[in-house]
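Trainee: Structure incoming, see below.
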Amino acid sequence: MTPKRWPRMYPLLVDSDETLDVIGGSAGMIVVLQVLNSISGNASLLGAALLCGERLLLRQSPQRVGVGWKTKVESSQPLTGFSHGAAGIAWSLLKLASWSGDNRFGGAAAAAIAMNEAPSCRHPITGRTIASGQQEILPLHNANLPGATARLASRWLESIVCNISTISRLVKRSG
């Protein structure tokens, strides 16, 4: 698929997204599109990001506190945390709300943060109850530590920014 065909393919790809998270789904694509927009100023990128945001709004599910998303990661309930869970999706939705000016995305982000920080919840993978102030670490997978999450997000963003100039050159060359 050539980059010229990407805008026409966005709706098809987004409508079939079941991953949803920042690692491989619509939430991650919002961030990539925003960074590409900051380099290229291509207005169609916001349109594509809005499609991703609409997909996330459509797929959110009310929880006891806030909202969550059932992603492709096997679990009995929506995940918390950054990589596959509510924290990462909230971060992405906040970025989209700021970029687009659409408060629906900010509202969904606030509800996701509420779910992610609920006083007591059952860990979706281990099934153990996590009380307020406790953290359960799953090595290399969705660690729910605010400081670690921020550090990992920062490193992840740095790696994306390092590759953006290469991506930008490829997009400009192809059309």
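The values are calculated or read from the model by the stated rules, or taken from the named source; none is laboratory data. Quantities reported herein were computed from a predicted structural model and do not represent experimental measurements. Using ideal geometry, Cβ is built from the backbone for each residue, glycine included, and neighbour counts are taken over all protein chains shown. Remember, those area values only see protein heavy atoms, side chains included, never the ligands or the DNA or RNA. Shrake-Rupley method; radii C 1.70, N 1.55, O 1.52, S 1.80 Å.
Trainee: Restricting attention to segment 54-63, which residues are farther than 19 Å from D102 by Cα and within 16 Å of the chain's Cα centre (by Cα)? Steps first, answer last, please.
Mentor: So in segment 54-63, the residues farther than 19 Å from D102 by Cα come out as 61-63.
Hit for segment 54-63 is S61, nothing else.
Residue-wise test of (1) more than 16 Å from the chain's Cα centre (by Cα); (2) modelled with pLDDT of 90 or more; (3) open to solvent by less than 40 Å² (accessible area, probe 1.4 Å); (4) of a type outside the set (A, V, I, L, M, F, W, C).
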position: D15; (1), (2), (3), (4): no, no, no, yes
position: T19; (1), (2), (3), (4): no, yes, yes, yes
position: V22; (1), (2), (3), (4): no, yes, yes, no
position: G25; (1), (2), (3), (4): no, yes, yes, yes
position: M29; (1), (2), (3), (4): no, yes, no, no
position: C52; (1), (2), (3), (4): no, yes, yes, no
position: V65; (1), (2), (3), (4): yes, no, no, no
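Trainee: Scan segment 55-76 and report the pairs whose first residue is on the phi > 0 side of the Ramachandran plot and touching a residue at least 12 places away in the same chain (Cβ under 8 Å) and whose second residue is open to solvent by 30 Å² or more (accessible area, probe 1.4 Å) and part of a helix (DSSP H, G or I), with Cβ atoms within less than 6 Å and a gap of 6+ or a chain change.
Mentor: Close Cβ pairs (under 6 Å, with a partner that is open to solvent by 30 Å² or more (accessible area, probe 1.4 Å) and part of a helix (DSSP H, G or I)) amount to G66/A114.
Trainee: I would also like to ask the following. Specify the residue that is modelled with the lowest pLDDT; the eligible residues are those in segment 37-50 that are hydrophobic (A, V, I, L, M, F, W, C) and within 18 Å of G101 (Cα to Cα). First the steps, then the outcome.
Mentor: Of segment 37-50, the ones hydrophobic (A, V, I, L, M, F, W, C) are 39, 43, 45-46, 48-50.
Retained after the next criterion (residues that are within 18 Å of G101 (Cα to Cα)): 43, 45-46, 48-50.
Values: A43: 81, L45: 88, L46: 92, A48: 89, A49: 93, L50: 95.
Within segment 37-50, the match that is modelled with the lowest pLDDT is A43.
Trainee: Can you confirm whether L46 is open to solvent by 40 Å² or more (accessible area, probe 1.4 Å) and within 19 Å of L13 (Cβ to Cβ)?
Mentor: yes
Trainee: Can you tell me which of (1) at pLDDT below 85; (2) surrounded by 24 or more Cβ atoms within 10 Å (Cβ to Cβ) is the one S76 doesn't meet?
Mentor: Of the numbered conditions (1) at pLDDT below 85; (2) surrounded by 24 or more Cβ atoms within 10 Å (Cβ to Cβ), the odd one out for S76 is (2).
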